[in-house]
1. Hey, among 85, 63, 44, which residue is exposed (fewer than 13 other Cβ atoms within 10 Å of the Cβ) and either at pLDDT 95 or above or out of contact with any Phe, Trp or Tyr (no Cβ under 7 Å at 6 or more places or on another chain) (or both)?
2. Please find, among 58, 27, the residue that is of a type in the set (A, V, I, L, M, F, W, C), outside any strand (DSSP E or B) and either in contact (Cβ under 8 Å) with a residue 60 or more places away in the chain or touching a Leu at 6+ places or on another chain (Cβ under 9 Å) (or both).
3. Have a look at 121, 96 and point out the one that is touching a residue at least 12 places away in the same chain (Cβ under 8 Å), in contact with a helix residue (DSSP H, G or I) (Cβ under 9 Å, 6 or more places away or on another chain), acidic (Asp, Glu) and in a helix (DSSP H, G or I).
4. All but one of (1) assigned to a helix (DSSP H, G or I); (2) over 17 Å from residue 37 (Cα atoms) hold for residue 209; state the number of the condition that does not hold.
5. For the stretch 105-118, which positions are surrounded by 13 or more Cβ atoms within 10 Å (Cβ to Cβ) and either of a type in the set (Lys, Arg) or at pLDDT 95 or above (or both)?
6. Free of Cβ contacts under 8 Å to residues at least 12 places away in the same chain and among the aliphatic types (A, V, I, L, M), is that true of residue 249?
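The values are calculated or read from the model by the stated rules, or taken from the named source; none is laboratory data. Please read these numbers as outputs of a predicted model, since none were measured by experiment. Glycine also receives a Cβ, built like all others from the backbone with ideal geometry; neighbour counts cover every protein chain displayed.
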Amino acid sequence: MNADIAARLRGEQLTLGYGKHIVAREMTVALPEGKFTAIIGPNGCGKSTLLRTLSRLMKPLHGDVLLDGGSIQQLATKEVARRIGLLAQNASAPGDISVRELVARGRYPHQPLFSRWRQEDEQAVARAMEATGMMALADRPVDTLSGGQRQRAWIAMVLAQQTSILLLDEPTTWLDISHQIDLMELLSDLNRREGYTLAAVLHDLNQACRYATHLIALRDGEIVAEGAPGEIVSAELIEAIYGMRCMIIEDPVAGTPLVVPLGRG
């Protein structure tokens, strides 16, 4: 990990695991400020565990996560939620809740105890729904939405938190290709136009290369490479991470690396 990376959120000497099962040892990682970081690697390499630890859903077995220079473990839950927005895997909501009600839950970290709903809360919810294209569906029950619409509703809830750091764990899972691209375009816009610092666990290498501005490549709980896609993605790196032979060509639309598998033959 490059110690010179400007980052509000970083992990220092992290050992991660579940009970006696160790996923990663002494990992040091930083999420570059103002970048869209994609965390890539094979199943079981520690991607989601790392993201959960950075968001404080998990506590490291050793080491510390630093948010704005201080230990994240020392912060109150509401304070963490004012600074980091998280879209976890398989997020679920009560079946009868509307999109507007779901997005409004993102305002919880900003509401003082016993406080009434305020104009600033209403404005934050409206801006979040507009940014995600959900305003026309505001009164629809969440369980009547398509998979892509549902993901946008959850992202709107995270945006309503008004944090500048967003963490997303496999946000495109279960979406068809059209909805995947719509979602990746939205995340890219949030990063490039709005200045959000994003980190997402992604399985699709070509989407990661096309939309992310920074990659963290994991293998067996270790960072194998990190940097801009055009600088680090090579056939050698992909084979080292996934054990897959491939060619790297230029994406004819985006000009980013495009991974073309060669198969086992």
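1. On the way: 85 fails: exposed (fewer than 13 other Cβ atoms within 10 Å of the Cβ); 63 fails: exposed (fewer than 13 other Cβ atoms within 10 Å of the Cβ).
Testing whether each residue is exposed (fewer than 13 other Cβ atoms within 10 Å of the Cβ) and either at pLDDT 95 or above or out of contact with any Phe, Trp or Tyr (no Cβ under 7 Å at 6 or more places or on another chain) (or both) leaves just 44.
2. After applying the criteria, what remains is 58.
3. Just a single option satisfies the conditions, and that option is 121.
4. Checking residue 209 against (1) assigned to a helix (DSSP H, G or I); (2) over 17 Å from residue 37 (Cα atoms), the one that fails is (2).
5. If the condition is that a residue be surrounded by 13 or more Cβ atoms within 10 Å (Cβ to Cβ) and either of a type in the set (Lys, Arg) or at pLDDT 95 or above (or both), then 105, 107, 118 are the ones that fit.
6. In short, yes.
Yes or no, residue by residue, for (1) touching an Asp or Glu at 6+ places or on another chain (Cβ under 6 Å); (2) at pLDDT 95 or above; (3) closer than 30 Å to residue 111 by Cα:
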position	(1), (2), (3)
159	no, no, yes
188	no, yes, yes
204	no, yes, no
211	no, yes, no
217	no, yes, no
227	no, yes, no
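Every residue, every condition in (1) in contact with a Leu (Cβ under 6 Å, 6 or more places away or on another chain); (2) more than 30 Å from residue 55 (Cα to Cα); (3) touching a residue at least 60 places away in the same chain (Cβ under 8 Å), yes or no:
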| residue | (1), (2), (3) |
| --- | --- |
| 182 | no, no, no |
| 195 | no, no, yes |
| 200 | yes, no, yes |
| 218 | no, no, yes |
| 253 | no, yes, no |
| 256 | no, no, no |
| 262 | no, yes, no |
